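The values are calculated or read from the model by the stated rules, or taken from the named source; none is laboratory data. What you see is a predicted model; the values in this text were computed from it and never measured. Here the Cβ positions follow ideal geometry from the backbone for every residue, glycine too, while neighbour counts run over all protein chains shown. Just the protein is used for accessible areas: all its heavy atoms, side chains included, with ligands, DNA and RNA removed. Shrake-Rupley method; radii C 1.70, N 1.55, O 1.52, S 1.80 Å.
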Amino acid sequence: VYVNKNLLLSRYPGANGVKTGYTTKAGHCLVASARRSGRTLVAVVLHSSDMYTDAQRLLDLGFGAA
C-alpha cells in the first residue's frame, strides 16, 4: 500500500507529483509538479512552515509568466 501525503495533488489543478519530505537541515520540503496547457513546471520548497501554499504560489507565478 502506498500513501501519498502530497496535498497539492487534490488542491491544485494540473498537479501531478512529486514528493514530500523532511530533513534536519531542509526542514519540511516539497518537490511539486503540475501540467497546464502543454507546459510542465516543477517547484521546490525547503524549510517552509506552509510548503503547499508556497509551492502553489511558485507554480502560479510560473504559469502566469508568458
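The largest accessible area among Ser10, Ser48 belongs to the first residue in Ser10, Ser48, and the rest follow in falling order (1.4 Å probe, all chains).
Here the chain has 57 percent of its accessible surface on carbon and sulfur atoms, given a 1.4 Å probe and all protein chains in place.
The value of relative contact order for the chain, using C-alpha pairs under 8 Å at least six residues apart, is 24 percent. Going toward the positive end of the dipole of the chain, with +1 on Lys and Arg Cβ and -1 on Asp and Glu Cβ, which of Ala15, Met51, Ala26 do you reach last? The residue sitting farthest along the positive end of the dipole is Ala15.
Enclosing the Cα atoms of the chain in their convex hull gives a volume equal to 83 cubic angstrom per residue.
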